[in-house]
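The values are calculated or read from the model by the stated rules, or taken from the named source; none is laboratory data. All figures in this text were calculated on a predicted structure; none of them were measured in a lab. All Cβ positions, glycine included, derive from the backbone under ideal geometry; neighbour counts span all protein chains shown.
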């Protein structure tokens, strides 16, 4: 995926996050410091879906082999733990503080979003 596409995704994600924070506390003003500390999802949904699918692809054969008694318990537990960790990683994703996620352009983008509210 190109950097421009990822940057667009981050900008959309930051915009949603700021609007959601503004909707939760409509009377409360959003200052720049509070917005910088908000956490935003940095992994695209399709990557998270692929990751969770890979985890399920590990879990399913391990469970089938264990039930058919073609695999021993320690190997099953290792595969099950690894598959479950990959599924959780896909479901949870990765969140970062807005300022870290956007990098150098953070203040410009945040100010533009605040003005559009």
Query raised in the report: Within the bounds of segment 57-76, is there any residue that is in contact (Cβ under 8 Å) with a residue 40 or more places away in the chain and either part of a helix (DSSP H, G or I) or in the same structural domain as residue 113 (by TED's automatic domain parsing) (or both)?
Result: no
Report task. Check 30, 79 and return the single one that is surrounded by 14 or more Cβ atoms within 10 Å (Cβ to Cβ) and at pLDDT 90 or above. Result -> 79
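Can you pull out the residues in segment 43-74 that are within 30 Å of residue 100 (Cα to Cα) and crowded, with 17+ Cβ neighbours inside 10 Å?
43, 48, 51, 52, 55
Would you confirm whether any residue within segment 82-90 is exposed (fewer than 12 other Cβ atoms within 10 Å of the Cβ) and either at pLDDT 85 or above or on the phi < 0 side of the Ramachandran plot (or both)?
no
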